[in-house]
Structures are given as structure tokens and as C-alpha cells.
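Contents: one structure, followed by commentary.
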Amino acid sequence: MNFHRLATTALVAAGSLWVGAVQAEETVLWWDFLGGGDGVRMKQMITDFNAAHAGNVKIDATTLEWGTPFYAKVQTSAAVGEAPDVMTYHASRIPLAVSQGILDKITADDLSKMGVSSSDFASATWDAVTVDGKQYAVPLDTHPIVLYYNRDLLKKAGVLGDDGRPKGMGSRDEFTATLQALKDAGVEFPLGSVTADGNFMFRTVYSLMCQQGGELMTNGKFLTGDNGDKLKNALAVLQDWTKAGLQSTYTDYPATVALFTSGKAAMMINGVWEVPTMTDLAKQGKLFDWGAVEIPVVFDKPCTYADSHTFAIPKNQGKEMSAEKRAAVLEVISWIDKHSLFWATAGHIPAYKPVTDSAEYKAMEPNATYSTLTSNLIFDPKSPLAGIAGPIFDVMSNHFVPTLNGEMDPADAVTSITEELNNM
């Protein structure tokens with residue numbers, strides 16, 4: 001199925017802010033941090049947008065380095081009025097950006113002009129782009145972690161269900177038994193995890209905290225009440241899997257992907273953004289029969305950590321945006337969101353519900369299978385200390401790696417993490 005063609009045609013009937021407009025072409029300066037498969041797909045969408053808006057609006061796009069370099073450049077550029085007109089932004093970084101005064105608010109009038117409303121998005125995703133009741137971005141997607149699996153190895157070990165999905169996804173004991181069955185069947189690594197990178201493993205650990213009803217921050221304080229115990233429980237189960245030889249040890253990100261794609265690891269916890277890797281290898285005949293599902297319910301309820309790529313408008317100091325320019329920016333955001341079916345081929349779950357509710361999206365696998373997890377999401381705490389490449393990640397990362405690899409007691413890790421976080 002040609003999802004690029006579908007994505008560029010299926011929503012034409014939704015209209016455009018610029019249909020019938022007669023005016024000079026507006027150039028919208030765009031910054032993103034999208035590399036790899038993400039970057040390829042977004043560049044195609046920008047090309048499609050420019051073709052559809054020739055003579056009216058043109059995106060002039062620049063891709064910058066992901067993470068701290070991107071956000072540092074946005075901050076310094078906005079302070080001197082040299083930031084772009086629109087940019088991609090992680091939802092988790094919005095509280096910090098608001099405290100820095102570098103994001104413009106998205107108003108009710110803006111939403112009306114774009115033809116979108118809060119009801120078009122999952123409540124958790126919409127909430128993630130608000131601070132103190134004010135909106136600062138429009139979500140493009142959610143990109144959670146999922147469980148990738150090798151159907152051939154699971155079938156051989158007797159842990160593939162009749163529905164083609166892994167057995168034992170409902171409790172810690174069940175999933176541990178599934179991992180043990182894979183090990184007993186001779187699988188070298190039942191589960192591949194990025195255990196050498198605590199920043200990445202924050203996603204898994206925080207998911208398991210949430211599955212217990214835990215939260216990292218309460219009223220500005222870290223790990224209050226029994227939340228420390230819930231963090232300890234999350235770390236302990238992951239450490240137990242490592243000690244039992246059920247999970248890969250000291251594995252960095254590339255090595256984790258390699259373990260899975262080579263067939264050495266039967267399952268892998270990773271982001272949905274690795275879907276293109278699997279899809280491309282499968283097309284080349286270089287991959288086994290694979291799938292991806294929501295991570296197992298290890299504790300009390302389903303819950304998965306996610307972040308969201310969003311579109312934000314920088315607040316350029318001393319540089320007022322004209323009404324014509326803002327209309328062009330709103331058209332860019334609206335059009336990309338409404339044509340995000342093609343963006344879904346990068347593995348991400350489009351945030352705009354009319355896309356994920358479409359028959360075309362529901363035909364995409366494994367995307368449609370794991371997209372149901374959007375009702376079970378947890379985002380970062382709303383704090384300037386949170387977010388991708390933020391200080392919370394760094395503090396916790398320093399303790400996650402030795403703990404998950406069996407060299408630090410989970411209770412000791414929680415004590416140190418709590419002290420360091422609250423000292424920030």
C-alpha cells in the first residue's frame with residue numbers, strides 16, 4: 001500500500017487556509033532535529049507541502065543536531081530575534097522553554113484557523129503541550145516505547161499466542177516465565193534492552209513506575225510518599241531479569257538493535273521509531289517474521305512512557321510576526337498534522353485522531369496494533385528540570401546503569417536519586 005500517496009490525497013477534502021488566497025508568497029523558516037528515517041520522511045512531507053502551496057507558502061527548512069545543541073540554539077536565537085518561524089519541539093521540553101520565555105502561546109483563534117481542537121487529540125498528549133492552562137504547541141505525534149518480538153523464536157519456544165502475539169503479557173510472573181521459556185529454548189538473549197544507557201532506560205523504568213500508580217514529582221518534590229518504593233520495585237524487576245540472564249547486560253543502543261535484528265535477542269524494548277528499520281530489512285528479505293506490541297503489564301495496570309514531537313512558534317524578541325506570516329505558519333502546522341499518515345511510516349503514532357481513525361492507518365501494521373496504548377500514556381513531569389537531555393534524565397541515568405546491570409542495590413540507587421533530584 002502506498003501510504004505516501006494516501007497521505008497526500010486522503011485529506012484534501014479537509015481544505016486549506018490558503019485555498020483561494022490571492023497574495024504574495026510567504027516563506028516560513030522552519031527548524032527541526034529530525035535525522036535518519038524521521039528526517040527522510042519529513043523532508044518528503046515538506047516537499048509535498050511546498051508543491052501543494054506553490055505561490056502561496058513555502059517552507060525553508062533547516063535540520064539541526066538533536067538534543068541539547070538544538071535547544072541551546074533555539075534559546076540563544078530567540079533572545080536576539082533570530083529563531084525560525086516554526087520548529088519541532090519535544091513536549092517534555094516545553095515547561096523549560098516557557099520558563100525561558102522563548103515560546104509563543106497557541107491561542108483559541110489559532111486553533112480555529114487551523115481547524116483543530118482538543119477533541120482531535122488524546123487527552124494526555126494535549127495536556128503535555130500546556131503549562132498552567134495555556135497552550136504552547138500543537139502535537140504531531142506520540143512516540144512511546146514498545147515491545148518488538150521475533151515470532152519465529154517465540155513460536156519455537158511455545159510462547160507465541162494464536163493471535164500471533166507474545167504470551168505472558170499480563171503480569172510480572174507471566175512475562176518472566178515467557179523470558180525463561182525463551183532462554184530454556186536456547187535463545188541467547190530473551191530480551192534486548194539498552195542497559196548501557198540510563199537516559200534511554202528512563203523510558204522503561206518510568207513506565208514500570210506508572211504501572212504501579214507512581215509518579216516522579218508531586219507538588220514540586222521528587223519521589224514523595226511511596227513513590228521511592230515504586231521506583232525501587234521497577235529497578236528491582238529489571239535487575240532480576242539481568243541477573244537471571246533474561247536481559248542483555250551493558251548493551252548500548254546500536255548493539256541492542258543489532259541483537260534483535262540478528263536473531264540473538266527474541267524481544268526488544270525500543271522506541272516506535274525503529275519500525276522503519278524492521279520494515280526496510282523485511283522488504284529486503286533480511287529479517288524474520290516480526291511484530292511490535294504495547295509493553296507488558298508487569299505491575300498493576302498498563303502504562304507506557306511517551307514523549308511527543310510537536311510544532312511550536314518561537315517568541316522572537318524584538319521581532320513581531322506579521323498577521324500574514326502567522327497565517328502561513330498555522331497553515332504549515334495544520335497541513336502537516338492533517339497529512340501525518342505518511343509520518344506514521346516512521347513508526348510514530350500520529351497525534352491527530354482523524355488520521356489514526358482512518359481505514360488507511362488501521363491497515364498499517366504493527367502501527368495499528370500498538371496505537372491503542374495512547375490511552376495508557378505517561379509523559380514527563382511538568383518541570384523545567386524534565387525533558388529530553390534534561391537534568392532529571394542525567395541524574396537518574398547515572399544510577400540506572402549500575403543498578404540494571406546488577407552492581408548497585410535498587411534501594412541504594414533510590415536513596416541517592418531522591419537526594420540528588422531534590423537538591424536540584
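The values are calculated or read from the model by the stated rules, or taken from the named source; none is laboratory data. Computed from a predicted structure; not experimentally measured. Don't worry about glycine lacking a Cβ; one is built from the backbone with ideal geometry, like all the others, and counts go over all protein chains shown.
Residues being under 17 Å from residue 386 (Cβ atoms) and either part of a helix (DSSP H, G or I) or in contact with a Phe, Trp or Tyr (Cβ under 9 Å, 6 or more places away or on another chain) (or both): count how many of those fall in the stretch 75-102.
Looking only at the stretch 75-102, we keep the residues that are under 17 Å from residue 386 (Cβ atoms), and these are 75, 89-100, 102.
The next check asks that each one be either part of a helix (DSSP H, G or I) or in contact with a Phe, Trp or Tyr (Cβ under 9 Å, 6 or more places away or on another chain) (or both); those that pass are 75, 89-100.
Number satisfying all stated conditions: 13.
Looking only at residues of the stretch 175-203 that are surrounded by fewer than 23 Cβ atoms within 10 Å (Cβ to Cβ) and free of Cβ contacts under 8 Å to residues at least 40 places away in the same chain, we find that the one that is nearest to residue 294 (Cα to Cα) is 177. Could you tell me which numbered condition residue 394 fails, if it satisfies all but one of (1) in contact with a Lys or Arg (Cβ under 8 Å, 6 or more places away or on another chain); (2) assigned by TED's automatic domain parsing to the domain that holds residue 272? All conditions are met except number (1). If the condition is being of a type in the set (Ser, Thr, Tyr) and within 18 Å of the chain's Cα centre (by Cα), then the stretch 62-89 contributes 68, 71, 88, 89. Looking across the stretch 263-297 at every residue that is surrounded by fewer than 19 Cβ atoms within 10 Å (Cβ to Cβ) and charged (D, E, K, R), the one that is nearest to residue 94 (Cα to Cα) is identified as 280. Filtering the stretch 144-187 to residues that are within 16 Å of residue 269 (Cα to Cα) and either hydroxyl-bearing (Ser, Thr, Tyr) or modelled with pLDDT under 95 (or both) leaves 148, 149, 176, 178. Restricting attention to the stretch 98-141, the residues that are of a type in the set (Val, Ile, Thr), closer than 23 Å to residue 374 by Cβ and within 21 Å of the chain's Cα centre (by Cα) total 5. Going through (1) assigned to a loop (DSSP other than H, G, I, E, B); (2) touching a strand residue (DSSP E or B) at 6+ places or on another chain (Cβ under 9 Å) one by one, residue 371 falls short only on (1).
Pairs linking a residue in the stretch 103-117 that is without any contact (Cβ under 8 Å) to a residue 24 or more places away in the chain and of a type outside the set (D, E, K, R) to a residue that is surrounded by 11 or more Cβ atoms within 10 Å (Cβ to Cβ) and assigned to a helix (DSSP H, G or I), with Cβ atoms under 7 Å and 6 or more positions apart or on different chains, are 117/111.
I need the full set of residues from the stretch 273-322 which are in contact (Cβ under 8 Å) with a residue 60 or more places away in the chain, among the charged types (D, E, K, R) and over 24 Å from residue 365 (Cα atoms), in order please. Hits for the stretch 273-322 are 300, 301, 315, 319.
Taking the criterion of being in a helix (DSSP H, G or I) and among the hydrophobic types (A, V, I, L, M, F, W, C), the residues of the stretch 205-242 that qualify are 205, 208, 209, 210, 231, 234, 235, 236, 237, 238, 241. Among all positions in the stretch 247-269, there is no residue which is hydrophobic (A, V, I, L, M, F, W, C), under 23 Å from residue 376 (Cβ atoms), modelled with pLDDT of 95 or more and more than 23 Å from the chain's Cα centre (by Cα).
Screening the stretch 315-360 for residues that are outside any helix (DSSP H, G or I) and acidic (Asp, Glu) and picking the one that is nearest to residue 74 (Cα to Cα) gives 320. Taking the residues in the stretch 1-46 that are over 24 Å from the mean Cα position of the chain (by Cα) and in a helix (DSSP H, G or I) as candidates, determine which candidate is modelled with the highest pLDDT. So the residue we want is 5.
Per-residue answers, yes or no, for (1) farther than 25 Å from residue 191 by Cα; (2) surrounded by fewer than 20 Cβ atoms within 10 Å (Cβ to Cβ); (3) in contact with a Leu (Cβ under 6 Å, 6 or more places away or on another chain):
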residue: 299; (1), (2), (3): no, no, no
residue: 319; (1), (2), (3): yes, yes, no
residue: 328; (1), (2), (3): yes, no, no
residue: 359; (1), (2), (3): yes, yes, no
residue: 362; (1), (2), (3): yes, yes, no
residue: 369; (1), (2), (3): no, yes, no
